[in-house]
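The values are calculated or read from the model by the stated rules, or taken from the named source; none is laboratory data. Note that the structure is predicted; figures quoted are calculated from it, not measured. So basically every Cβ, Gly included, is an ideal-geometry build from the backbone, and we count neighbours across all protein chains shown. The accessibility values were calculated without ligands, DNA or RNA, using every heavy atom of the protein model including side chains. Shrake-Rupley method; radii C 1.70, N 1.55, O 1.52, S 1.80 Å.
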Amino acid sequence: MEALKPVLKKITEIEDLRRVAERKVPRMFYDYVDSGSWTETTYRSNETDFDRIKLRQRVLVDMDNRSLTTQMIGESVKMPVAIAPTGFTGMMWADGEIHAARAAEKFGVPFSLSTMSICSIEDVATHTSAPFWFQLYVMRDQDYMANLIQRAKDANCSALILTADLQVMGQRHKDIKNGLSAPPKPTLTNIINLMTKPQWCMNMLGTKRRSFGNIVGHAKGVKDLSSLSSWTEEQFDPRLSWDDVARIKDMWGGKLIVKGIMDPEDAIMAARSGADALVVSNHGGRQLDGAPSSISALSNIVQAVQAEDSDIEVWLDSGIRSGQDVLKAMALGAKGTMIGRAFLYGLGAYGEDGVRRALEILYKECDLSMAFCGHTDINKVKKDILIKGTYENLNVAHR
């Protein structure tokens, strides 16, 4: 860790981490992270729509004693950011979920573990002390799903995230062309690519965690890696509906977060479902290409929830690459945000140190930008820090 510090001091933005990760991570896993579905129009707009929003600079105000501390579903967080659940995380860096969870715990933000993680629920629980959140994909195998929920309970997970926008999977061209698999198949193309990633290979040789830890050994009919791909394709349940949310909430018995809301009508349904938070998210542009950006959908969803007089918290995911993006989301009514690619770039670049650096970058950018906008408390940030005309109607035809 000490040897990395001089290098990390020169890492000043998330883009720096992305460039390093692109060099270090095998092509199929880097492309899995850094891509969207079909033409990737929505993937790109998630970022560019944030850029259209301009901040209102204020001067000669007291900028002392600033605080980004807030709460997300009753949990105190150092800043309004949680690490989102992402699949294949342990393929960006060996034991990646454990390293990311440790970085989040030390920094003071929540970590979320995906059903499609490489490290299992038990792996992460064994190597961390802070409660983490578990993300559930609803499967046709009801016994397996109930077992997943029980395992999350046994691991003292403090919230369950129900992903609502992956009943069927959007097509990601790069994954098909790369033959995405965990672990990589020993094809000539993969072998040649892996020869250029020596650190990644050495790290992977030091771990036994190279497949989907929450599935292999737990799901019926999945005893080896060759049957895993077909099982996941068959098991995602396209029949998932709002009627299932109450049932899952009862099974879980704790805090529930519904992720993947992009429409005010669905936001109202989420508010009425009894969920504690909803996440405005288009899955990072990885599902419905041509959908609006998450930030452009945020305001209307906040208004819909407020009209319901609901206590449900509205968070934002997809497109956050800077602390300014976090600040803009909070200004438009979000009570928290989630990051996926931003932490994955850090993980792929430098492991746990890289995730920590990503969080440090986001914190500093958000803190300083808030000060320049004349505020010292993230909980008091409102739309008045934004320039009028730059945030309304973002989902109108792009210029």
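Residues that are of a type in the set (Gly, Ala, Ser) and assigned to a helix (DSSP H, G or I) within the range 343-361 comprise Gly346, Gly348, Ala349, Gly354, Ala358, listed in sequence order. For Lys153, state whether it is among the charged types (D, E, K, R), more than 18 Å from the chain's Cα centre (by Cα) and under 22 Å from Phe29 (Cα atoms). So Lys153 does not fit the description; no.
Please go through the range 151-168 and pick out each residue that is under 18 Å from Glu233 (Cβ atoms) and among the hydroxyl-bearing types (Ser, Thr, Tyr).
Thr163
Looking across the range 23-47, the residues that are part of a helix (DSSP H, G or I) and of a type in the set (A, V, I, L, M) come down to Met28, Val33. Would you call Lys364 open to solvent by 40 Å² or more (accessible area, probe 1.4 Å), among the charged types (D, E, K, R), more than 26 Å from Arg18 (Cα to Cα) and not in a strand (DSSP E or B)? Considered against the rule, which asks whether it is open to solvent by 40 Å² or more (accessible area, probe 1.4 Å), among the charged types (D, E, K, R), more than 26 Å from Arg18 (Cα to Cα) and not in a strand (DSSP E or B), Lys364 comes out as no.
Restricted to helices (runs of 4 or more DSSP H) entirely inside the range 184-239, those with at least 3 residues that are open to solvent by less than 80 Å² (accessible area, probe 1.4 Å) and at pLDDT below 95 are 228-235.
The set of residues in the range 182-226 being polar (S, T, N, Q) and over 26 Å from the mean Cα position of the chain (by Cα) consists of Thr187, Thr189, Asn190, Asn193, Thr196, Ser226. Output the number of the condition that Arg27 fails; it satisfies all remaining conditions of (1) under 30 Å from Ala271 (Cβ atoms); (2) open to solvent by 60 Å² or more (accessible area, probe 1.4 Å). For Arg27, the exception is condition (1). When residues in the range 287-342 are screened for being more than 15 Å from the chain's Cα centre (by Cα), basic (Lys, Arg) and either in a helix (DSSP H, G or I) or farther than 18 Å from Val77 by Cβ (or both), 1 of them pass. For the range 130-150, filtered to residues that are in a loop (DSSP other than H, G, I, E, B) and over 19 Å from the mean Cα position of the chain (by Cα), the residue that is nearest to Pro238 (Cα to Cα) is Arg140. Just one residue in the set Asp263, Asp244, Asp276 is surrounded by 15 or more Cβ atoms within 10 Å (Cβ to Cβ), among the charged types (D, E, K, R) and modelled with pLDDT under 95; that residue is Asp244. Scanning the range 367-397 for residues that are touching a residue at least 60 places away in the same chain (Cβ under 8 Å) and part of a helix (DSSP H, G or I) turns up Asp367, Ser369, Met370, Ala371, Phe372, Ile378, Asn379, Asp384, Ile385.
Screening Arg356 with (1) open to solvent by less than 10 Å² (accessible area, probe 1.4 Å); (2) under 27 Å from Asp34 (Cβ atoms) gives one miss only, at (1). Filtering the range 247-260 to residues that are open to solvent by less than 70 Å² (accessible area, probe 1.4 Å) and assigned to a strand (DSSP E or B) leaves Leu256, Ile257, Val258, Lys259, Gly260.
Scanning the range 130-163 for residues that are of a type in the set (D, E, K, R) and open to solvent by less than 20 Å² (accessible area, probe 1.4 Å) returns a single hit, Arg151. For the criterion of being without any contact (Cβ under 8 Å) to a residue 12 or more places away in the chain and part of a loop (DSSP other than H, G, I, E, B), Gly170 fails.
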